[in-house]
Amino acid sequence: MAYYSDFKIRNAVRHIKAGEVIAYPTEAVYGLGCDPLNEDAVLSLLDIKQRPIDKGLILIASSLQQLQPYLILNQAMIGRIAPTWPGPVTWVIPAQSWVPVWLTGAHDSLAVRVTAHPVARRLCACYGGPIVSTSANASTRPAIRQARKLVQAFSGSGIFLLHGPTGGLKQETAIYDAVSGNRLR
């Protein structure tokens, strides 16, 4: 039985399209997300999280096709990436020149993942594109795995919460460099 409904997913999509920040379950922790191309929404998310813009952000999607417009990919990179997706592996891939600095930070690449988490994956599919995904916590605090702790931590922030259990991973997702194949985290 699903632990989310299409109504709740559509409601979360409405919040994203309205330029708002949402919280949702991922493979390991709750994530904060928004429309990656809405500068005001991303800057609001960074402010809530107290995260500097130069670090860059992760995008999650329901398919590689949703991410391709943002990326510069070749067959060797696709060969490395494809076997790990959908799944809890994030890849750092060279970004197209048009990708905004609020996503790439001080880098010329973008961190991306095709999520296997059913709520996050359905959310991206219904939204029709990738969304920002960063752990739901202030930058100096531990990541949040439970909805009630998220509500306590972000009360008054106006974040829409899409409830659901996290995927059960004990650590946040691994991050690899798509060009070299080296593990970064």
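Quick notes
- Here region 20-36 is scanned for amide nitrogen atoms under 14 Å from the site 7 Å beyond the Cα of Q146 along Cα-to-Cβ, giving 30.
- Semi-axis lengths, Å, the chain, gyration tensor of Cα atoms, sqrt of 5 times eigenvalues: 24, 18, 16
- Normalised per residue, the accessible area of the chain is 47 Å², obtained with a 1.4 Å probe and no contribution from ligands, DNA or RNA.
- Taking one quarter of the surface of the convex hull spanned by the alpha-carbon atoms of region 35-129 gives a direction-averaged projected area of 6.0 nm².
- Listed by chain and number, the lysines whose C-alpha is less than 23 Å from the C-alpha of K17, apart from same-chain residues fewer than 8 away, are K8, K49.
- Global geometry of region 1-59, whether rounded, prolate or oblate, following the gyration tensor of its Cα atoms and the 1.5 cut on a/c: oblate
- Accessible area of Y127 (1.4 Å probe, protein heavy atoms only, ligands and nucleic acids ignored): about 40 Å².
- The spacing between region 31-99 and region 123-182, judged by their C-alpha centroids, is 13 Å.
- GNM top mover of I175, I53, I78 - the chain, alpha-carbon springs below 10 Å: I78
- Note on N74 and S157: the extension gain reaches 25.8 nm, defined as 0.36 nm multiplied by sequence separation minus the Cα-Cα distance.
- Protection-proxy order for peptides 130-141, 101-112, each taking the mean of Cβ atoms within 10 Å per residue, highest first: 130-141, 101-112
- Helix-derived mean residue ellipticity, 222 nm - over the chain, DSSP H n ≥ 4, -39500 (n - 2.57), to 500: -8000 deg cm²/dmol
- Within the same chain, aspartates and glutamates fewer than 8 places from K55 are excluded, and of the rest, those with a Cα less than 16 Å from its Cα are E39, D47, D108, D177.
- Choice from G33, G56, G158 showing the highest fluctuation, given a GNM over the chain with Cα pairs closer than 10 Å: G158
- Compactness of region 86-154, expressed as Rg and Dmax over alpha-carbon positions, Å: 14.1, 40
- Sulfur and carbon atoms: percent of accessible area, the chain [1.4 Å]: 52 percent
- Solvent-accessible ranking of T166, T26, largest area first, probe 1.4 Å: T166, T26
- Charge tally in the Cβ shell below 15 Å around T140, where Lys, Arg are +1 and Asp, Glu are -1, T140 excluded: +3
- Sorting T90, T84 by accessible area puts them as T84, T90; the probe is 1.4 Å, largest comes first, and only protein heavy atoms count.
- Extension reserve of the A125-S97 stretch, reckoned as 0.36 nm per residue once the Cα distance is removed: 7.6 nm
- Here each label is just a point 7 Å from Cα along the line to Cβ, and for K17 and D40 those points are 1.7 nm apart.
The values are calculated or read from the model by the stated rules, or taken from the named source; none is laboratory data. All values reported here derive from a predicted model rather than from experimental measurement. FYI the Cβ positions are ideal-geometry reconstructions off the backbone, even for glycines, and counts take in every protein chain you see. Just the protein is used for accessible areas: all its heavy atoms, side chains included, with ligands, DNA and RNA removed. Shrake-Rupley method; radii C 1.70, N 1.55, O 1.52, S 1.80 Å.
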